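**Q** Mind having a look at this structure? Questions to follow.
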């Protein structure tokens, strides 16, 4: 091999990377168990627990080593719950586990580059070009909007209760039913003309209220910190899965905010139903078609999960402070003995 795997695994970086992945897996299993055993129901509390699977494995390794500098020694490993290095040298169908682990981490890195980093860079470039000279996209879109569409938007916004943070509305001339929002110092909600024409006032209110939820919660630094941590551990497949679960819980949280703002769960349910992808749409051929089909299916499953819980009682039965404390203590104490 072009590098010494043993030297890599016993280095500080190697131990950190390996334990970050395995500790994430342990934390994920503990959190999933806690959610089931304690019957945690509210998305905001589930999300709080899942954030532990990101923050604890990344931050605790230096603290563990500070507490016990000999934690990675042979003597400590003999008394630990498991020695990860021994497992990595074992074989599955003649292939060392460390080879399989490297392949999985490599594929996770590729997914991160193609699905998260590259689209983010392209979006930044696109926005930068859009701001250079000429009329803005907003100005161009506004010129094409007829009075009936603007009247519908104004009517929907008028009946929404005021929120602490303002936001702008930008209408995009498109045949797609799409709605999104951008955060920052000047948050904005983007709505396509097709969606405005397809929705009545109540549906439009519910959809806008959901995006308002995203804007209000964007001021929570912990969510931005979670994305930064997810980016730093781009090689960690468990972090990838858990971050997507956190994002799914965020959508449910914003659904709850929309219901709270409009007091109309039926409108939100109907709006989401109208935005579900067409199950009979053609995905295309080849690798790109398969990827599109999988993304289509994943998006539909997520919408189904959101639809099933809209309008349900949101009272929490579990004692959340105790759940957080017990779960956190178990993750930290158990992972200390996994080297």
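**Q** Helices (runs of 4 or more DSSP H) wholly in the stretch 1-105 with at least 1 residues that are exposed (fewer than 15 other Cβ atoms within 10 Å of the Cβ) and more than 31 Å from the chain's Cα centre (by Cα) - which ones?
**A** Output list reads 5-10, 43-67, 74-78, 84-89.
**Q** I need the full set of residues from the stretch 320-339 which are in a helix (DSSP H, G or I) and touching a residue at least 12 places away in the same chain (Cβ under 8 Å), in order please.
**A** 320, 323, 324, 326, 327, 328, 330, 331, 332, 334, 335, 336
**Q** How about the stretch 261-315: which of its residues are surrounded by 14 or more Cβ atoms within 10 Å (Cβ to Cβ) and at pLDDT below 65?
**A** Listed by number, the residues that qualify are 283, 291, 292, 293, 296.
**Q** How many residues, within the stretch 5-47, are within 15 Å of residue 326 (Cα to Cα), in contact with a helix residue (DSSP H, G or I) (Cβ under 7 Å, 6 or more places away or on another chain) and in contact (Cβ under 8 Å) with a residue 24 or more places away in the chain?
**A** 10
The values are calculated or read from the model by the stated rules, or taken from the named source; none is laboratory data. Please read all numbers here as calculations on a predicted model, not as lab measurements. Quick reminder, even Gly has a Cβ in these numbers, built from the backbone with ideal geometry, and neighbours come from all protein chains shown.
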